[in-house]
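Novice: Submitted below is the structure of interest, expressed as structure tokens.
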Amino acid sequence: MSKYWSPQVHDLTPYVPGEQPREQLIKLNTNENPYPPAPAVEQTLREFNASDLRRYPDPSSSSLRAALADTFHVAAEEVFVGNGSDEVLALAFQAFFRQDKPLLLPSISYSFYPVYCRMYGIESRSIALTDNWEVDLEAFGNDNGGIIFANPNAPTGHGHGRKAIAALLERNPQSVVLVDEAYVDFGGESAIPLIHQYPNLVVTGTFSKSRSLAGIRLGYAVASRELIEGLERVKDSFNSYPIDRLAEQVGVAALSDPDYFDECRTRVITTREQTRDRMATLGFEILPSQTNFVLATHPTHDAGKLFIGLREQGILVRHFNTDALRDYLRISIGTDAEMDSLIEALETLCR
Ligand code: PMP
């Protein structure tokens, strides 16, 4: 506690991210992509002119916004970019959710949403998941200061189709609905085409997962011009988009190779389904997943002990210390060889 902190900071605890190990561990704890970014990214880095760093970034991030607009079949004015989708989310909380009614969010979802609520003084109300751990869209009432959820949801893995999201938007025309699509490329259905019909919809996305660029910090929002202008009004710098020159070029390169993108995400999806089957034969119950991770529980083996056992065998997964998730492990999908090691380790631990 410090007398120098503002009141909102007193209640916050620093985010404890998945461990970033120094040793050579098999790292399946933060939903990164096991495959390198598109080859064009490496070429861009090789050819990047360091002297260009003397100059401020393009104030409108026009090349990256144009590339995203092309990818999603929207106008560049319907795209916003930031340093990771976490930054875009933070700006959205400030731009849209500081209302006199509570923001609605799922009871189990991305752990940063409640943190942003506390940080920006936003009241929230959590909506229980359905019995089979899906986000209960029907239960989101229309008297609210906004709605946010991840689709597919994290860490539960289930995603709703576009039709269900359109139905929610029909019922809720008066506040902003934010759909966080961090994991959508691993089998979900994007709500982006709905932005032309629903001016209160904002869809966020990231380059950290399906584009293999967690290290460069790039995220985006796609929405009506009206909402994009809201984000532009709260962003940090008066004269530029938040992202730097290098990140912008890397982002454009990552979007330039749809074949490579499809190959990588298909590989992850295939490995995920094989992992589910193999874990099921060891007695695990695994939630269906449209993401690059699985959430699994074992009826007789304690998740906390399995986490420690795996760590001892050089494999890092995620164990959340919350009441709802204490019995579960969240396991990111790695390469086939990494998943072989995981299964081997689980075989010894679950014997
Ligand atoms: N949304 C969800 C649901 C996530 O799981 C994550 C990654 N932890 C993010 C957003 C943020 O991703 P990034 O800031 O790397 O774009």
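Novice: Of all residues in region 92-109, how many are crowded, with 23+ Cβ neighbours inside 10 Å and out of contact with any Cys (no Cβ under 9 Å at 6 or more places or on another chain)?
Specialist: Qualifying residue count for the region: 4.
Novice: If we scan region 199-218, do we find a residue that is more than 30 Å from ASP259 (Cβ to Cβ), outside the structural domain of VAL268 (by TED's automatic domain parsing) and more than 10 Å from the ligand (Cβ to nearest atom)? Spell out how you get there, then give the answer.
Specialist: Going through region 199-218, the residues more than 30 Å from ASP259 (Cβ to Cβ) turn out to be 199-200.
Going one step further and asking which of them are outside the structural domain of VAL268 (by TED's automatic domain parsing), we end up with 199-200.
Then drop every residue that is not more than 10 Å from the ligand (Cβ to nearest atom), which leaves 199-200.
There is at least one residue in region 199-218 that is more than 30 Å from ASP259 (Cβ to Cβ), outside the structural domain of VAL268 (by TED's automatic domain parsing) and more than 10 Å from the ligand (Cβ to nearest atom).
Novice: If I ask for residues that are surrounded by 14 or more Cβ atoms within 10 Å (Cβ to Cβ) and in contact with a Phe, Trp or Tyr (Cβ under 8 Å, 6 or more places away or on another chain), which ones from region 46-63 would you list?
Specialist: The answer is PRO57, ASP58, SER60, SER61.
Novice: Oh, and also: Whether any residue in region 166-179 is within 12 Å of the ligand (Cβ to nearest atom), at pLDDT 95 or above and closer than 23 Å to GLU77 by Cα is what I want to check. Full working, then the answer.
Specialist: Taking region 166-179 and keeping what is within 12 Å of the ligand (Cβ to nearest atom), we get 178-179.
After this cut, where a residue has to be at pLDDT 95 or above as well, the list is 178-179.
Restricting the remaining residues to those that are closer than 23 Å to GLU77 by Cα gives 178-179.
Yes, region 166-179 has at least one match.
Novice: I need the helices (runs of 4 or more DSSP H) fully contained in region 24-126, keeping only those with at least 1 residues that are touching a strand residue (DSSP E or B) at 6+ places or on another chain (Cβ under 6 Å). Break it down into steps so the answer makes sense when it comes.
Specialist: Numbers: elements: 39-47, 62-72, 84-96, 112-119.
Filter on region 24-126 gives 62-72, 84-96, 112-119.
Novice: Still on this structure, I have one more. Go over the candidates PHE207, PHE261 one by one and state the one that is under 23 Å from PRO193 (Cα atoms) and surrounded by fewer than 22 Cβ atoms within 10 Å (Cβ to Cβ). Give the derivation first.
Specialist: Values: PHE207 fails: surrounded by fewer than 22 Cβ atoms within 10 Å (Cβ to Cβ).
Answer to the selection: PHE261.
Novice: Another question about this same structure. Tell me, which helices (runs of 4 or more DSSP H) wholly within region 191-302 include 3 or more residues that are more than 15 Å from ARG65 (Cβ to Cβ) and not basic (Lys, Arg)? Steps first, answer last, please.
Specialist: Working: elements: 225-234, 245-255, 258-281.
Here the list reads 225-234, 258-281.
Novice: What is the one condition in (1) farther than 21 Å from ASN292 by Cβ; (2) surrounded by fewer than 24 Cβ atoms within 10 Å (Cβ to Cβ); (3) of a type outside the set (Gly, Ala, Ser) that VAL177 does not satisfy?
Specialist: Evaluating VAL177 over (1) farther than 21 Å from ASN292 by Cβ; (2) surrounded by fewer than 24 Cβ atoms within 10 Å (Cβ to Cβ); (3) of a type outside the set (Gly, Ala, Ser) leaves (2) as the failure.
The values are calculated or read from the model by the stated rules, or taken from the named source; none is laboratory data. As the structure is a computational prediction, the values presented were derived from the model and not from experiment. Here the Cβ is made from the backbone with ideal geometry for all residues, glycine too, and neighbour counts use every protein chain on show.
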